[in-house]
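Peer 1: I'd like to ask some things about the structure below.
The values are calculated or read from the model by the stated rules, or taken from the named source; none is laboratory data. On a predicted model such as this, the values are computed, not experimentally measured, just so you know. Cβ coordinates were reconstructed from backbone atoms using ideal geometry, including for glycine residues, and neighbour counts include every protein chain displayed. With ligands, DNA and RNA removed, areas are computed over all heavy atoms of the protein, side chains included. Shrake-Rupley method; radii C 1.70, N 1.55, O 1.52, S 1.80 Å.
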Amino acid sequence: MSTITNVPYRLEFSVEVPGTPEQVWDAIATAKGMSAWFGPTELEEHEGGSLRFVMGPEMDSTGQVTGWEPPRRLVYEEDWAALMGKDPESLSPLTSEFVVEAKSGGTCVVRVTSSGFGIGADWEQEWWDTLAPGWMPFFDNLRLYLAHFPGQEATHLEAAATHPGDPEALWSALRTSLGLGDEGATVDVRGATGTVERVGERQTLIRLTAPVPGMLSVYSWGMGDGTATAGVRAYLFSADAADYVRSEEPAWQAWLQGLSVPA
């Protein structure tokens, strides 16, 4: 017997970003665009097309495009149950809708709605409670991408290490060790120079200018089990970015693993 799913979950927010509706659509509704501010993405660009967000080993999220109205409206569904390793009959798909509205002055508002139905289990509410703080910072990336790198293809750099203890203490150690300043500050982060664009909760977003232009997000994240993760995620935009990643990704990994966190 199938489980009746009737507990609604919903997240809604909007962001104002630079660019024409066509430029914004290219960033939110193509594989190249999504990969340049979110994560590695595979997307068949039409209604009914398949979708895959590459999230890590055995953590990919798959789905399907269910609404395709360029350059105004994109809707897709992800297999929420499969992503969480749950009974597929207990959860609806996770539906996300993006609506692009042109504004005067060369900007657009992107309205984002994510919704789903569950059975009211504790883990479902916990998952939705972490969705907003986990996802919304990516839209700072989107704003920065459209301001400085529209239409460009990203090369990714990603490294993370888990440490025992509290995410706040880990963030403090991370921020101090890297010399991360306030918004507008010029920084040198392990040989990469740039400007702090956004300071959020346990997260700093930097626009890199040298040696490779791009965006660098530095963060810490509580794992809920007495440990916390320190990580960096970069989107790099130049012909020699791949060479840079080959040398710097393992170096970042080693640095994060060796980070000293006060007891």
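Peer 1: Within the stretch 241-263, take every residue that is touching a strand residue (DSSP E or B) at 6+ places or on another chain (Cβ under 7 Å) and surrounded by fewer than 18 Cβ atoms within 10 Å (Cβ to Cβ) and give me the one that is farthest from ALA159 (Cα to Cα).
Peer 2: Result: ALA242.
Peer 1: Which one of the conditions (1) at pLDDT 95 or above; (2) surrounded by 15 or more Cβ atoms within 10 Å (Cβ to Cβ); (3) outside any loop (DSSP other than H, G, I, E, B) does THR193 fail to meet, given that it meets all the rest?
Peer 2: (2)
Peer 1: Find all pairs meeting these conditions: Cβ atoms under 7 angstrom apart; at least six residues apart or on different chains; first residue within the stretch 145-166 and open to solvent by less than 20 Å² (accessible area, probe 1.4 Å); second residue assigned to a helix (DSSP H, G or I) and among the basic types (Lys, Arg).
Peer 2: none
Peer 1: Considering only the stretch 1-42, how many residues are outside any helix (DSSP H, G or I) and farther than 27 Å from ASP129 by Cα?
Peer 2: Within the stretch 1-42, residues that are outside any helix (DSSP H, G or I) and farther than 27 Å from ASP129 by Cα number 5.
Peer 1: Please indicate, with yes or no, whether at least one residue in the stretch 105-128 is surrounded by fewer than 15 Cβ atoms within 10 Å (Cβ to Cβ), over 21 Å from the mean Cα position of the chain (by Cα) and either closer than 27 Å to VAL199 by Cα or in the same structural domain as TRP221 (by the TED database) (or both).
Peer 2: Among the residues of the stretch 105-128, at least one is surrounded by fewer than 15 Cβ atoms within 10 Å (Cβ to Cβ), over 21 Å from the mean Cα position of the chain (by Cα) and either closer than 27 Å to VAL199 by Cα or in the same structural domain as TRP221 (by the TED database) (or both), which makes the answer yes.
Peer 1: Can you tell me which residue within the stretch 129-144, out of those that are open to solvent by 70 Å² or more (accessible area, probe 1.4 Å) and touching a residue at least 24 places away in the same chain (Cβ under 8 Å), is farthest from ALA234 (Cα to Cα)?
Peer 2: MET136
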